[in-house]
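Have a look at the structure below before the remarks.
The values are calculated or read from the model by the stated rules, or taken from the named source; none is laboratory data. Here the structure is a predicted model, which is why all the values come from computation and not from measurement. Here the Cβ positions follow ideal geometry from the backbone for every residue, glycine too, while neighbour counts run over all protein chains shown. Note: accessible area is taken over every heavy atom of the protein model, side chains too, but ligands, DNA and RNA are not part of it. Shrake-Rupley method; radii C 1.70, N 1.55, O 1.52, S 1.80 Å.
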Amino acid sequence: MAAIIADPLAGVLAVAGGALAGLIWLWFWLKEDCHPEPRKIIILTFVIGAIGVPVAFLLEELSFYFGRSLGFWPAGSPTFILLMIWAVIEENIKYFAAYLAAFRRKFFDEPIDAPIYLIAAALGFAAVENIFMLSSIFQKEI
């Protein structure tokens, strides 16, 4: 984080590069529905999906250390089971984001709505993951 503060351009590039792909796909999905959903609800779903990244990270870290303390996997290498646990955590958080933002509302009235809201949540999640990944690439040693 200190490297991003020292070089603000790196932070701007990470945010732009990480969020741009997700926002382009979100725009595409907003255009595809013949009975469009309220933009406010889709954007809320995107944002809640993005907020899910730190939650997923925390739960993944907890599952790693808990499983390691029980002897399920060695300290240095994740196992297939651990990777599947992490995948379940992430996918459930994306579903929960769509559920919180959209599935309980009156606008959820067509079969196509579920994939649209789930995709919006996944795009928000992916945008923040991309920002974190790009920020680590753009960091320079001080």
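Checked against (1) touching a residue at least 40 places away in the same chain (Cβ under 8 Å); (2) outside any helix (DSSP H, G or I); (3) of a type outside the set (Gly, Ala, Ser), residue 36 passes all but a single condition, namely (1). Scan the stretch 115-132 and tell me whether some residue there is β-branched (Val, Ile, Thr), open to solvent by less than 60 Å² (accessible area, probe 1.4 Å), free of Cβ contacts under 8 Å to residues at least 24 places away in the same chain and farther than 14 Å from residue 44 by Cα. No, because not a single residue in the stretch 115-132 is β-branched (Val, Ile, Thr), open to solvent by less than 60 Å² (accessible area, probe 1.4 Å), free of Cβ contacts under 8 Å to residues at least 24 places away in the same chain and farther than 14 Å from residue 44 by Cα. Only residues that are buried (at least 16 other Cβ atoms within 10 Å of the Cβ) and either within 15 Å of the chain's Cα centre (by Cα) or not in a helix (DSSP H, G or I) (or both) were counted across the stretch 58-72, and they come to 2.
Residue count for the stretch 89-128 under the criterion of being among the aliphatic types (A, V, I, L, M), farther than 19 Å from residue 21 by Cβ and assigned to a helix (DSSP H, G or I): the result is 7. When restricted to residues that are over 15 Å from residue 38 (Cα atoms), at pLDDT 85 or above and of a type in the set (Ser, Thr, Tyr), the stretch 76-123 contains 2. In this structure, is residue 73 modelled with pLDDT under 75, in contact with a helix residue (DSSP H, G or I) (Cβ under 8 Å, 6 or more places away or on another chain) and at negative phi? Spelling it out, it is not the case that residue 73 is modelled with pLDDT under 75, in contact with a helix residue (DSSP H, G or I) (Cβ under 8 Å, 6 or more places away or on another chain) and at negative phi.
Residue by residue through the stretch 79-104, note down the ones that are more than 15 Å from the chain's Cα centre (by Cα) and loosely packed, with under 15 Cβ neighbours inside 10 Å. Passing the criteria: 79, 80, 81, 83, 84, 104.
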